[in-house]
C-alpha cells in the first residue's frame, strides 16, 4: 500500500532505534566526505555497510536497488571525468583526439567512492526502518509533529494520487482525447489532465484538514504516542560515539595537514 | 497572518524568524565560500572538503528554513503539503508517459507557494526531496535546497502579482530557474562530479572539454535546462489556477491578503468577512495554530 | 450498435482474475444493467468496451470492431463512458466548454457540435448552467455535466457507471428519462448500478455478477426472482420485491403499479 | 443539547445565504436525522453544528449556536471540537493518512490531546470492540474496503468521546453491504448515550434508526416530526427528497381505495408489511 522501500523483516538492524540508525548514517556520510581518501570509503563499505546489510537480511534488495541508481552515475562519472577533467595532465590512454587522464580517473574514484557510500548507507536505512517508526522517534525528540504528518501522509497518498491520475487519463481518453501530436499540443493536453487532478486532490484537502481539526491536530497539549520507541543504554552510548567519530573525521585531515 | 498580535506566540515568532534568518545566511555563506572563497585548484581536486561543505551547508540551511517556516503553517496548509508533494512526484511521471522533454517536478511546490505563500513552499520543497529519498533514490537529498528556493521564489512571485497575468509567470519561472542553476551547481560539481544523469553528464563533459572548470561546467549545464523547465512549470501552474473556480482560489488567506490573482477587488472580501463574528475570518484560526508549541 | 463479449477473461498484472470467461451479447437499443457488490468485476468488464482494458483471453466487439485493434480515443467515437466520479474529468471553466470537449475531440464540425451540446444540456436539465463553472455546481449537477459531456458525443453505445449515486430524487428521475430516451433513439445503454429500485424500473435486462462470473442473466423480473443469485451477488432485492416476500406473496412485483395491481388478488 | 436560534450563514465571497433564520432544538441522547435535496445546505449545517463554521470556513454567521452548553462562536475551535465530533462524507479524507496501522490511526486524536499511553490503549480496544473492527487493528487503513474504512473513520471520532457526534452522509460512498454495517453501529452508539445527528438520504434506513427527522429546504429547516410520520409526508416529493417505494405503493393503494384513507403511510419494510398485512387480513375476514 505505501510507496516506501521498507523491507519488513525482524533483524537486529530493523529493531534498532531509528534515531540510532539515522545518526550512524550521518556519521558515515560526514566521515567519507570529510576524509577525502577513496580507501576510507572502501573500508567503511567493507567493515560497516556490508556486515550491516548481511545481518539485516535485506542485502539482496540493497544490491539491486543501489546498482540501478549507481550504475548510470558511475558510468557517466568515469567517462566524463576520465576524458574531460580540467586538471588532467597525465595521459594514460589515447585514441585519436580522445585522451584519458589518470588525474581524471582518480578524481572520479574519489567522488565515486563517496557517492557509493552515500547511496548504500541511505538505502540500507530506508530498507530497515519503517517510516512511521522513524517519524515517531523523531517526534519524540522534538521534531514538529507537522513534519511527521506531512511525510507519513505523503507516502500513503502517492498510490492514491497515481490511481487518480490514471483514472483521469482514461476518462479524458474515453472522451476522445488523443495523446499524440507535437510537443506544443502535448503541453496543451496537460490542462485537461492536471486541472481535475489538482482540483480534486486539493478539494479533498479541505475536508481532510477539517477532519484533522476535529481530531485535535491543532491542540497545544504535549503529544503522546501509542507505540513506544525501543531504546537502550547501549544505543544511547553508541549515538554519542558516532557523533564523536564524525567530529574526529572532520578534524583529522585538518590536523594532518592533508588540505 | 500577522494582523492580530498573539502575545503568547511572540517569543515563538522571534525564534522562527531567527531560524529562517540563520538558515538563509548559511545557504548564502555556503555558496559564497564554495564559489568565491575557494582557490580554483582545490575545487578541481577530489582531495578537499568542498563536497562536505556543500552538503552540510545546504542541508543544514534548508532544515533551519523549514523549521522556521513550518510553525507558521495552519492545519489547512499542513494538510495541503502532502498533496503538493505527491503532485511533484506523480506529474513528473505523467510527463514521462506523455514524453515531454522537461522534468516538471516542481509543479506542486509552485502551486502551494502561489496559494499559501513562501513558507508553505519552503516546507513542500524540502520534504519533496526527503520523500524522494525515502521512495526512489537518496541522490535527491543533497538537492533539497533547490526545491526550497523554488518555494521561496514562487511565493514571493505570487506576492508581487506575477501570477496575475499569464505572461509574467514564465518570466518569474525563468528567473527562479537561473537561481536554481547557480545554487545547485556546487552540489553537482563537488558531490557528484558532474555526473547526475546521462544527458546532463555529457553536457558537463562538453563544457569541461571547452575549457570550463567543473563548477563552471555544471553551472552552465544548469542554466541550459533549469530556466526553461521552471518557466514551463510556472506557466502550467498559472494556467491550472486560472482554470480553477475563483471560489477555490479565494479560500486561501494568502491569496486574499496579497490579491495574488488580481481582478477580485480585495475590498469585496473584507466587506463580506468584516461584519461577521469575531472569529469569522481565517486569520485568528491561523494564529491559534501558529501558537502551537511543537516540541 | 450491437456489443458482444466472447469468452472474455481479464487478469490484472497483480494476478487477480477479475473477469472469468464471460460471454454476453447486447443487441442494439437494449437497456442493459449489471449488478453485484464492489469487487464483483462489473467495472472491469464494461471498461473493455472502450479499450481501457484489453481482454487477457477472448474478444470484445463493438459493432464490427474488435476492441483489440483500436485505441481508447478511437473507441470513444462508438462508446461513450460516463465515469462514476465527475471530478475526475471536468476541467473547463464553463459547463458548455466541458461538454463540447468530446465532440471537438471527435472532429465534429462546429454546427453539429453546438447542436449536440445544446441538446445534451437540455436533456440533463443544465441549459441554465451552461456558463457556470462546473465546480460551482453541486455533486449531483456535476454528475449530470459528466453525463451531458458523453451524450454530446452522440455515440451509439453509452456506458453509465453508478449513475444514481449522489443524486437526489429529482436527479434519479432525470437519469431514468435519459435512459429511456437513449433507447428510443436506438442507442445501447449499459449501466452498472447498486440501486436495485432504479435497475428494476428502468432496464430491459439485468446481469448479476460475483467473483468475475455471470450468475444470472434475464429480465429484471427473472433475475430478482432468484434468491440464491441475489444472496451470492450480495445485492438486496428491490424494496417492493422484499415487501412481497414479507407478505408471503409468490410473485415479486418490481414497480409500484405492478405491486398495486397484485394487491387485491394476493389479499383475497 | 443542541440549540440553534435564528441562524443565518453566507460563505465568504458570496452574497447569498445558504441558510437563513434557522431554528433547531435537539435533545440529549437522541438520534436525529436531517434530510434535504442535493444542494440544500446539508454539509453547511453539519459544519455549523460542529463549529467549523465560522472557525475554519469563515463567512458570515449570525444567530446563536449552542452545542452541549457551549456557545460555538465564543469558544475556540479546540474547545468546540472537544464537545462535538464530525464524521465527514469521505472516509478517505477522514483518515489522517499519517498512520500506518488502524490501531495508531484510531489513537491519532488522543495523541494530539496528550492522553497517556495506557489510557489510549484501553480506549482503542474499547472503540474497536464497539464497532467490531478489532480484527482490523493491525492492517493499513488504506488496505481496507470502503465499508471497513468508514467504520474506522467513525471509530476515529467516537474515540474522542465527544458528547455529540454529527455524521454527514456517512454511507454515501458505500455499497448496500457497507451501508448496513454503518447503520448497525448506530444502534450501539445510541446505547452508549451519544447524541447523534445524521445527514442521510437513505430514507428506509433513517426510518429504522432515527427518532426525529428534520427537513432542510429553501435555506431553512422547514418541518420536523417523528421519523415515520415525517418521512411519509406527502410534501417530501415537493421538497425534492422523494419517498421510498413503500410509501409510494401505499399512497397509490390508498388513492385506489385499496387501503383506508386514514392509514399511516409506511417508510420501512416492517411498517409496510404491517400495513399491507392488516389490510389483507381485514380483506380476508
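Over the Cα atoms of region C:117-195, what is the Rg over Rh ratio if Rh follows Kirkwood?
0.94
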Checklist entry - In whole percent, what relative contact order does chain A give with Cα contacts below 8 Å and a gap of six or more residues? => result 33
Checklist entry - What Rg and what Dmax come out for region D:244-285 when only alpha-carbon atoms are used, in angstroms? => result 9.4, 29
Checklist entry - Binned at 5 Å from 0, what are the whole-percent values of the Cα-Cα distance distribution for region C:3-221, short to long? => result 1, 7, 16, 19, 20, 17, 11, 6, 2, 0
Checklist entry - When the C-alpha atoms of the protein assembly as shown are aligned to their principal axes, what extent does each axis show, in angstrom, from largest down? => result 114, 69, 59
Item to check | 10 Å Cβ neighbours from other chains, averaged over peptide A:158-169 | outcome: 6
Checklist entry - Using helices alone, what [θ] at 222 nm do you get for the protein assembly as shown, with -39,500 (n - 2.57) per DSSP H run of 4 or more residues, divided over all residues and rounded to the nearest 500? => result -17000 deg cm²/dmol
Checklist entry - By DSSP, what percent of the beta bridges with both residues in region C:3-221 are antiparallel, rounded to the nearest 5? => result 50
Item to check | Computed Rg/Rh of region A:138-201, alpha carbon atoms with Kirkwood Rh | outcome: 1.22
Checklist entry - Among D:263, D:66, D:166, which one moves the most in a GNM of chain D with springs linking Cα atoms closer than 10 Å? => result D:263
Checklist entry - How long, wide and thick is region B:91-191, going by the Cα atoms along their three principal axes, in whole angstroms, largest first? => result 36, 30, 23
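Which of the peptides C:221-232, C:83-94, D:71-82 is most tightly packed, and how do the rest follow, going by the mean number of other Cβ atoms within 10 Å of each residue?
C:83-94, D:71-82, C:221-232
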Item to check | DSSP-defined antiparallel bridges as percent of all bridges, region D:2-233, nearest 5 | outcome: 55
Item to check | Footprinting exposure proxy for B:110, A:229 (fewest neighbouring C-beta atoms within 10 Å first) | outcome: A:229, B:110
Next on the checklist: I'd like to compare B:69-76, C:18-25, B:146-153: which one has the highest average count of other Cβ atoms within 10 Å, and what's the full order after that?
Outcome noted: B:146-153, B:69-76, C:18-25
Item to check | Cubic angstrom per residue, convex hull over Cα atoms of chain A | outcome: 216
Checklist entry - Tell me, A:21, A:188, B:12 in order of fewest to most beta-carbon neighbours within 10 Å? => result A:188, B:12, A:21
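Which order, highest average first, do B:217-227, A:52-62 follow once you tally other Cβ atoms within 10 Å for each residue and take the mean per peptide?
Numbers: B:217-227: 21.7, A:52-62: 18.5.
Peptide ranking by packing, descending: B:217-227, A:52-62.
Give me the percent relative contact order of region D:2-233, please, defined on Cα pairs under 8 angstrom at least 6 residues apart.
27
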Item to check | Fluctuation leader among C:44, C:193, C:11 - chain C, Gaussian network, Cα springs under 10 angstrom | outcome: C:11
Item to check | region D:1-154: Rg to Rh, with Rh as the Kirkwood radius over Cα pairs | outcome: 1.01
Checklist entry - Mean 1/r over all different Cα pairs, inverted: what Kirkwood radius does chain D give, in Å? => result 20.2
Item to check | Within the protein assembly as shown, percent of DSSP bridges classed antiparallel, to nearest 5 | outcome: 55
Checklist entry - Could you list, bin by bin from short to long, the percent of Cα-Cα pairs of region A:1-137 in 5 Å steps? => result 2, 10, 17, 18, 17, 12, 9, 6, 5, 3, 1, 0
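Before anything else, pin down the relative contact order of chain C: Cα pairs under 8 Å, at least 6 apart, normalised by residue count, whole percent. Don't skip to the end; give the middle numbers.
Details: 516 pairs, mean separation 61.2, N = 268.
So the answer I get is 23 percent.
Evaluate peptide C:179-185: per residue, the Cβ atoms of other protein chains within 10 Å of its Cβ; return the mean as an integer.
Taking all residues of C:179-185 together, the mean is 0.
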Item to check | For residues of A:117-123, the mean tally of beta carbons on other chains within 10 Å | outcome: 3
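Only the coordinates and a few stated rules stand behind these numbers; no lab work does. Note that the structure is predicted; figures quoted are calculated from it, not measured. Cβ atoms come from the backbone with ideal geometry, glycine included; neighbour counts cover every protein chain shown.
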